[in-house]
Amino acid sequence: MEIISPEGLRQDGRTPTCLRIIKCRLGLYDRPNGSAYIEMGNTKVLAAVYGPREVRSKNKQNLDECVIQCEMSRIAACGGERVRRARDKRTRALSHQIAGVFHAAIRKSKYPGSQIDIYVQVLQEDGGVMSACVNASTLALIHAGVELLDYVTSCTASINKQTAILDATNMEGQAGCEVTVSLLPNKGSIVSLDSSHTVHRDQFEAVMDLATAGCQQVYQELFSQQKKPTRPHPLLFYWNVKMSGKVRATYNELDGENKSFDGAGSSSDSAPPSLPSLDPGAQIEMSAAVAGVVPDDTFTVDQAVNALGFGKFQVKLSLITGLCWMADSMEMMILAILGPALHCHWHLPEWKQAFLTTAVFIGMMLSSAFWGHLSDKYGRKRSLRLAGVLLAYWGLLSAFAPTYTWIVLLRGLVGFAIGCVPQSVTLYAEFLPAHQRGKCVVLLDCFWAMGACAEVILALWVMPTLGWSGLLALSIIPLVLFVIVCQWLPESARFHATSGDSEKAMATLQKIAEENGKPMLLGRLIVDDVAQMNRGRIRDLLVPELKWTTLLLWFIWSSCAFCYYGIVLMTTELFEAQGSLCSISGTDPAFTCTADCRPLSSSDYLDLLWTTLAEFPGIFFTILVIERLGRKTTMALEFGIFVIAVVLLFICTSNRTWLTVILFVARGIISGVFQAAYVYTPEVYPTSLRAMGVGTCSGMARFGAMLTPVIAQVLIRTSVHLATATYGLVAIMAIAAALLLPIETRGRAMT
C-alpha cells in the first residue's frame, strides 16, 4: 500500500512535513495538582500530576532535589486491539522514558526532599504515543505550577521509501523506522531520542531535522492554545462498560452555557474526547468519576481494604486460616496428654517428661524468626504451605517413634514447623478493615479453642484403645486438610505492594471487590518502591522508633506463653494428683503434690475439656473490651484478672469443682491476653517488617513456653504455692510492660 500518493499527499491529505491537528485542554480535574488532555490526530492522551509532595518511601528521598516518577497505562482497546493488561512491558518502558525526559526538564533543586508523580493514560492510539504522552505531561506540569527549565515538546518522524514524513499514524509508521525526539524548544536542546529500528546514517540527519522542526511546530501550537482562556470542564462521565461490550455513558452537564471543550473555545470542538472503539464482546468493567479514565486520586492498599469491607472473601479466608489454627492447637494440646501417657509407658522421670514439652518449644523458638524472614521475602502463602507439609510429615512420624530420643527429636521438628503458624495471623490481619480487625483476629481464637476441645475429645475416644501412637497419627488430619485447601489461600496484597508488584496487588484487591460485591476504588494504587530494601531483618526491629515497642512486646509475648502453657500443663498435673491443693507451701511431703503413674481417666478428660472450653468466654470477653479500652489496656486488665485467679490457688481445698472453676477462669483470661497480643503486634509494625515482628514475638513466646514445663511439671511436685507464685509474679510484670507500650493501635491504619 502506497503511503504517499503521486500528488505527494498522504492518506489523510497531509503533506509529508505536516503535523496532524492538535487539540489540548488544561485543568480537567480538581484533585490532582495539574491535569491536561491532548489530541494529536486520533491519538488521545490524558495526564495528571500530583506534587510536589512528601516522598512516600523514605529510602528514595533525595534531600538535594525532588524525585520524579511516571506511570503510564492504556485502556484495553486503545489501539483497536484489546490488550490483556493496562501496564505491559512496553508501557513500563515508556513510563521510564517519560520520567527520564522530565528529569532533564524540571528544576529539581527547587523541590528538595519531595516527589512529583506523573500519571499518563492513553485513551486512543494511532501513532506518536510517546510524543503525545510527553506533550500532555508538559501541559499538566505547567498547570500544576511546577517550574521547568523550558517547555518540553515531542514529535515523531519516520522514513518511508527514502522520504521523511512527520507525525506518522500507526499505518504509516509500520512501513518504516520511527524516530521520536523530545526537545527544549527555546534552548534547542534534545533531552530524549528514541528509535523503533536502526536508522541508516545517510537518513538519520534528515529524520532528526524533521523531528526537531516538528517539535518547534508543536511548541508554537501548544503555546498559542495555552494562552487562550480555559473554562471548567462541562461534562462528567460515568462509564459502565459491561460484558456485552456496549458502552453506556451518562453526561451530567455542569454548566449549560459552556459548550466548548477544547481550550480554544471553538464551537466546532464542542464534543468531548471520543471514546475508544471497542471490539464486540470485549469484556471490560470500568468505573470512573471524572472522564472515566485517568484517576482523580490515588489510594493505598489499606484504604482499599477498608473501603471493600468485611464480606464473603474474609469469611472464606477466616475458614482457611482457622483450619491452620485448629491444627496448631491440636498439636499443642497433645503435649498436656502425651506427657502423662509417656510417663507411664516408658516410666520417664519428671525432668524427661518436662523436656519433651520443652523440645517442642525450642523448635518453635528457633524457627519463628526464620519463618518470619521467609514470609517477608517470599510471601505468607508459600511459607504457610511449606510449614503445613512439614508439620503433617513430622507429626505422622512421631506416631511411630520407637524410643524417647526419637520422639523428642521428632516433636522438636514439629515445633520447628509450628513456628510458622503465627504468620497466618499476619496474612489474615492484612485483609481486614481497620475497624473490624481487632474483633476478627480475636474471633480467630475460636478455631484454636475448637482444636483444643477436639484434641481432648479425640484423646477420650482413642487413648483407651489405640494409645498415644494412634492419637498422634489421627491428630494430623486437620493439617492434611489445610495443605489441600491452601491452594485457595490468597497472597497478601500488602506483601505484593511492598514487593513492588502493583499488578498482583491490584488483582487481589479486584478479587476482594468481586467476592464482597463492592465497587473497586477509583484512582490508582500507590505502591511504595521497597523491592530493593533489605526486608525482614531482625535489627530493623531495634531501630530507635521501634526498639522500646519491640523489647516490651518480646517480654509480653514470653510472659503470655509462659502463663498460658503453664495453666495447660498444670491442669493435667493437678488432676493426676487427684486435684488436691496444699494449704502450706514447702517441701514437706504432706504438703506437696505427688503424682505416681496413673493414666488419665474419663473424668480427668472431661474436666480437662471444661477448662479448655474456658477459652470461648475468654474470647468473647476480649471482643467486648478490646475496641472499647484499646489493645494496651485490654492486655493489662486481663493479666490482672489472671493474677487474681492464680492467687486463689493458694486457698487450701480438695474440692475438685473449685479447682476446675479456678483453672477455667485462669485459662480463659490468659487466652484472651494472647489474642489481644496477636491483634496488637501486626498493627504496630509496618508491612515490610510485619512478618518478622510477629515471628520474633512468637519466638520469644516459645522461649517463655520452653521454661514453663520446669515450673508446671517439676517445681509443682515440690510446692504448689511456689509454682503458682511464679506465674503470678510474671503476670504482674507483664501488666507494667503492657501499660508502658508507647503506641496504641486501636483504629490505626496498617502501614
Matching option when the condition is surrounded by 23 or more Cβ atoms within 10 Å (Cβ to Cβ) and more than 22 Å from residue 692 (Cβ to Cβ), among 412, 451, 419: 451
Under 8 Å between Cβ atoms, at least 6 apart or on separate chains: pull out the pairs that start in the stretch 308-333 with a residue that is part of a helix (DSSP H, G or I) and end on any residue that is modelled with pLDDT under 85 and among the basic types (Lys, Arg). 308/518
Identify all residues within the stretch 542-561 that are hydroxyl-bearing (Ser, Thr, Tyr) and either surrounded by fewer than 21 Cβ atoms within 10 Å (Cβ to Cβ) or at pLDDT below 90 (or both); write none if there are none. 549
Limited to the stretch 138-149, what total is found for residues that are within 17 Å of residue 49 (Cα to Cα) and either modelled with pLDDT under 85 or of a type outside the set (Val, Ile, Thr) (or both)? 8
When you check residue 125 against the structure, is it closer than 27 Å to residue 21 by Cβ, acidic (Asp, Glu) and at pLDDT below 90, yes or no? yes
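Quick grid of which residues meet (1) farther than 30 Å from residue 172 by Cβ; (2) assigned by TED's automatic domain parsing to the domain that holds residue 188; (3) at pLDDT 90 or above:
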| residue | (1), (2), (3) |
| --- | --- |
| 58 | yes, yes, no |
| 72 | no, yes, no |
| 75 | no, yes, no |
| 83 | no, yes, no |
| 104 | no, yes, no |
| 115 | yes, yes, no |
| 120 | no, yes, yes |
| 131 | no, yes, yes |
| 136 | no, yes, yes |
If we keep only residues of the stretch 674-710 that are more than 22 Å from residue 627 (Cβ to Cβ) and of a type in the set (Ser, Thr, Tyr), then the residue surrounded by the most Cβ atoms within 10 Å (Cβ to Cβ) is 698
Positions within the stretch 150-179 being outside any loop (DSSP other than H, G, I, E, B), farther than 12 Å from residue 210 by Cβ and at pLDDT 85 or above, in sequence order: 153, 154
Which numbered condition trips up residue 376, out of (1) modelled with pLDDT under 80; (2) part of a helix (DSSP H, G or I); (3) over 23 Å from the mean Cα position of the chain (by Cα)? (3)
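One line per residue, one yes/no per condition, for (1) out of contact with any helix residue (DSSP H, G or I) (no Cβ under 7 Å at 6 or more places or on another chain); (2) surrounded by fewer than 19 Cβ atoms within 10 Å (Cβ to Cβ); (3) of a type in the set (Ser, Thr, Tyr):
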| position | (1), (2), (3) |
| --- | --- |
| 466 | yes, yes, no |
| 471 | no, no, no |
| 481 | no, yes, no |
| 495 | no, no, no |
| 498 | no, no, yes |
Looking only at the stretch 656-671, which residues are free of Cβ contacts under 8 Å to residues at least 40 places away in the same chain and either outside the structural domain of residue 620 (by TED's automatic domain parsing) or of a type in the set (S, T, N, Q) (or both)? 657
If residue 627 satisfies all but one of (1) buried (at least 22 other Cβ atoms within 10 Å of the Cβ); (2) within 22 Å of residue 739 (Cβ to Cβ); (3) charged (D, E, K, R), what's the number of the condition it fails? (1)
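The values are calculated or read from the model by the stated rules, or taken from the named source; none is laboratory data. Because the structure is predicted, anything quoted here is derived from the model rather than measured. We place every Cβ from the backbone using ideal geometry, glycine too, and count neighbours over all the protein chains shown.
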